[in-house]
Every structure is written in C-alpha cells, then in structure tokens.
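The values are calculated or read from the model by the stated rules, or taken from the named source; none is laboratory data. Predicted, not measured: the structure shown is a model, and the values here were computed from it. Counting neighbours? That spans all protein chains shown, and the Cβs are built from the backbone with ideal geometry, glycine included. Ligands, DNA and RNA are stripped out before the accessible areas are found, and what is left, the full protein with its side chains, is counted by its heavy atoms. Shrake-Rupley method; radii C 1.70, N 1.55, O 1.52, S 1.80 Å.
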Amino acid sequence: MSEAVPPSEQRTRGVRRRYEAEHPRYKWVALSNTTLGVLMATINSSIVIISLPAIFRGIGLDPLGAGNISYLLWTLMGFLVVSAVLVVTLGRLGDMFGRVKIYNLGFVVFTISSLFLTVDPLHQGGGAMWIILGRLVQGVGGAMLMANSTAILTDAFPSHQRGMALGINQVAAIAGSFLGLIIGGVLSEWHWRAIFLVSVPIGLLGTVWSYTSLRELGVKRRGTLDIPGNITFAGGVTAILVAITYGIQPYGGHSMGWTNPWVLAGLIGGLALLVAFTVIESKVKDPMFSMGLFKIKAFAAGNFAGLLASIGRGGMQFMLIIWLQGIWLPLHGYNYESTPLWAGIYLLPLTVGFLIAGPASGFMSDRVGARAFASGGLVLTAATFVGLILIPVNFSYPVFALLLFLNGIGSGMFSAPNTTAIMNSVPANQRGAASGMRATFFNSGTSLSIGIFFSLMIVGLASHLPDQMRAGLAAQHVPAGVADQVAGLPPVGSLFAAFLGFNPIQSLLGPTGVLKQVPAANAKTLTGQEFFPHLLSGPFHDGLVIVFLTAAAMMLIAAVASLLRGGHYVHDDDDDDSPAESDTVRDEEVSQPA
C-alpha cells in the first residue's frame, strides 16, 4: 500500500509546471503573460497604420477614390473606438466575475478575430467591410486584455513592487504602438494577410498559457450590471468618436466636415449622453464608472494627465509619419512605396528611449513616488515638441533622432509611474473598474488625437498649400483649369496620400489624364521625389507649429495636474482612513483621498 503524499509535495512531484497563486514566482508568470497580452493588443492598434497601402492593394480598393475614405478611416479607427467604449464595462465585469476570466476570454476573442481577418475572401468594398468588422471584434478582445491586465498585476504584486511590474506592462503597451509600425512595414512587404496572421500563433500561445497559469486573486464585487450607465456611456463615446472620424473628412465644399449637421449632432448628442451618464452613475447602486474614485486625488489627477498625454502622443505619432513619408524620406532618395517601412525604422529612437525610461522610472517610483518622475517626464516631452518645431523640415537626422529619443525618455518617465499611482490609489475590489477607466482615457486620447491634430494640421495647410500647389503645377505646364481644380481639393487628400506612402501628385493628377498630356520631362518632375516634398514643406511646417505647440501646452497642463496628485499614496483595504503599515509612505506628503 503506497504512502499518502502531502498535497504540497504532490505539486512539486507533479508533471504540471504551472505555479499556484501562492507560489512566490506566480507574480512573474502573471507579469509575463499580461505583458504578452497587452503587447499583442497595442501592436495591432497601430500595425495597420503602416500596412494600409498593402491591405488596400490586396483587396483591390483605392482608399483615396471617391467615397472610399470612410473605408480607410474605419479600418484605422474601428479598433480604437471599440476599445475606448468597452474597456470600462469589461473592467467592471472583471470585478464582478473575475478579472482572469475576462482577460483569458480576451485572448480567445482576439485570436479568432485575427484568423477571421487573415482569411478575408472578398474584394474591394466587400473586402474592406470584412476587415472593418474583424477589426471591431478584435477591438473587443483587445479591450478585454487591456481592461484587466493592470488589475491582475496589482492583485499579484505587493505595493513595493507594483511600480516595476506596471512599468514593464506599460512599456509593452506604449512600445507596442511603435513596434506595430515596424512590424507592419516588414510584414506588408511580404503579404498583406501576414499583418493579421502574425497574431494567430501568439494568441494561441497566450490563450493556452493564461488558462493554465493565471489564478483569480482579486476580490470579486458582486452586483448587477449597470445597463443604463453602459448604454449612455457607450452611446456617448461612440457618437463623439464617430463624429470626429467624419469631421476630418471634406463636406459641402469645405476642407473639413465640422459644419456637417450629422457631425454636430454626434458631438452635441454624445456630450449630452455623457452628462446623463454622470448623473446616472451618481444614483445607481452598482455603477460601472465609480465616480467616487475621482475623490481620490491620485486617481483623478493621474487620469486627467494620462488623457492629455495620450492625446499628445497619438497626434505626434501621426504627424511624424506624415513628415517622414511625405517629405523627408522622398527628399533623401526613398521611393514613396518604401516609405512606410523606413518611417517605422527611423522612428526607432522613440521606442528605445521609452524602453529605457519606462521600467527604470517604474522601479524608482516604488521608492520615491510618481509625482517627480511623471511631472518631469511631461515637461521633457513638452520641450521636445518645441525642439521639433525649431529644426528644419529637411532636418539633420542625428538631431531629429536625439529629439525622438528624449521624447521617448519623457513618455517613459510619465507612463509607468502614473499608472502605478492610479492603481495603488484604489480599493482592491474596484481595481478592474479602475483599470478599465484608466484604459478608457488612454484609448480615447489616442482616438481624439486623430481628429484634433489632423484638423489643426489641415487648418495650417489650407492657408498656404492651395496657392503653392497652383503655382507649382502651372510652372510644370499643367493646364490652368486642372491646376485650379487640384489646388482647390481639400488638403486632407494630400495628407492621406503622404500618410499611405502613395505618390501624392500621381494620386491627384492621375485621374485627370494630364500626366499623359504634359511633356515627359515635366511629368517626370511632377511625379518625382522632390516636387511634392518641396511644395509641402512650407505649409506643413505652418501646420506643424500649430500642432506641436498645442501638444506642448497639453503636456504642461498635464504636468501641473500630475504635481497636484500629492505624494506617494497606497490605498489600504484594511483601513480606508490611512495607509497600511506594510505600505509605508515614502514621500513627506501623503496624498489622501480628497
């Protein structure tokens, strides 16, 4: 008769290599898995930015053709809109039914939707709608992962190590948005389906790994799902983001669509729904958006600063891509078709700076608090925006790279400590909702940045580009009528052409047939690598000044908000009136709930 083996020894003898929740190494399993999940989600939030030309060539659709810009924008924006709308709800569901359960399901949804995108059998408009639908579902999976990953880490790590853990997680989240540019550029050179296929094996690995390794440590907060709150929040955010999507498109002879009645209705109606949402949340028993959390200074200030930083960072990303692809790379001998890949490569100093500063600042903030790092990082980021304005449009790359590197350092100094301060400040049973709320501000900021900064850039271009376009085309013997017609087109067409790595003049003049009528030497000049960049440089810099000064102002306002968060504060679930003895306050000033 065999001797009974104690359960603890059975675990060590067993063939299973997973770590149980109480194992001292479990927290590292949780960190590595959630980092993989967040990295996969954020890479896919930006991978299509660089890959749009290959995707649209693959399905046989001209994204700049009449009526096709909506396909382009929704392919780009659909993922971001869904993520922004659902992260709070999915974080609340994590509080109710288990954060690990919702997180694991996110891997499943993301993997299935990636496979769905890979096998797109349709072409032209139908193929674009298939991709848009797949991206919407992929956004649901991404929201599940992002809404619960930081809550899982906050549960798994003690307060004195959360900054380091959340710092690594946030580095993955934001670095993923930059890595997506490079990965998209490389994969699109091979085949457009590989852009989506790459997530399938990673998703399968993450699914198996998370289901076999992660354990529920969080305190579940049972209650009823806040249906009125969910409806008004989802409706309000969706209406605003959809209105912004159409606001940057031409309307009724205007370069933008902000006078479109439907856009105005979306903005006004969306704001009205969000006002109704705040009223509902203050009255229902189990709100999805815990308004009481905003009474905690560290939570409120951190999220406000995070929203402004996300807007500025998202706008910068799009402007830098246009700058490189539309002007600098063609002037330095790169074909328009290859500019998406090289733009991602030349933006690497931004990612490197972030990868260095993110974990280091997260580690240090565990000891001295978030305020100094977060505020200092925002000020440094603002300074780099001013620096980017001061350099020539046809810059010396080492200077440009140094500014990008410092911008990445500043972003890393802010992001990890800010996230740690937000998550440390909330009660354990509301970490899922808090994580979702933080992710909502992050994703909404990225979505808002597209509308805000594209609009600001178009305003800058509209003042000078038409006249320069008209004069430049006339000098190359383009008939006056065609020159006037092309110069009168909304600048957004030129921006999107540069953004997509298309030859802008070829895209604008090709449909008119003029390139076949003018002398061959003039046609070669018009479609060469210097004509459009020189034409765009002056007006683009005018727009860039407006864009980056606005971004710098946002960073400075965010820095002030970050300073107002107070000192290092960790919520004690045993005694809500003061920090726990084990969570020693490491600042002279304690940021207690307001």
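Worth pointing out:
- With a simple spin-label model that places each label point 7 Å from the Cα along the Cα-to-Cβ direction, the separation between residue 471 and residue 275 comes to 4.8 nm.
- Here the sum of -39500 (n - 2.57) over DSSP H runs of 4 or more residues, divided by the residues of the chain, equals -25000 deg cm²/dmol at 222 nm, to the nearest 500.
- A Förster distance of 25 Å, applied to the separation of the beta-carbon atoms of residue 284 and residue 216, puts the FRET efficiency at 0.45.
- Gain in span if fully extended, residue 356 to residue 62, counting 0.36 nm per residue against the direct Cα distance: 101.8 nm
- Reachable lysines, given that their alpha-carbon falls under 27 Å from the alpha-carbon of residue 285 and they are not under 8 places away in the same chain: 101, 220, 295, 297
- Between the helical axis of 431-475 and the longest alpha-carbon principal axis of the chain there is an angle of about 10 degrees.
- Rg followed by Dmax, in Å, when the chain is reduced to its Cα trace: 24.9, 101
- Per residue, the convex hull volume that the Cα atoms of the stretch 184-257 enclose (Å³): 194
- The lysines within cross-link reach of residue 516, meaning a Cα-to-Cα straight distance under 22 Å and a gap of 8 or more places when in the same chain, are 524.
- Heavy atoms of the protein chains alone define the surface here; on that basis the chain has 37 Å² accessible area per residue at 1.4 Å probe size.
- The share of accessible area on the stretch 65-188 that comes from carbon and sulfur is 78 percent, using a 1.4 angstrom probe.
- Table column - 3J(HN,Hα) (Hz), the stretch 162-169, Karplus curve with 6.51, -1.76, 1.60, x for Gly and Pro: 5, x, 4, 5, 5, x, 4, 4
- Annotation: for a label point projected 7 angstrom from Cα along Cα→Cβ of residue 191, residues of the stretch 30-67 with backbone N closer than 19 Å are 48, 51-61.
- The tail of the calculated P(r) for the stretch 407-548, taken as Cα-Cα distances beyond 18 Å, holds 65 percent of the pairs.
- Rounded to the nearest 0.05, the FRET efficiency derived from the C-beta distance between residue 395 and residue 136 at R0 = 30 Å is 0.20.
- Per-bin percent of Cα-Cα distances, the stretch 342-384 [5 Å]: 5, 20, 22, 24, 15, 8, 4, 2
- Between helix 69-97 and the chain: long-axis angle, C-alpha atoms, 0 to 90°, nearest 10: 10
- Percent of alpha-carbon pairs separated by more than 11 Å within the stretch 360-404: 70
- Between 0 and 90°, nearest 10: helix 199-213 axis offset from the chain longest Cα axis: 10
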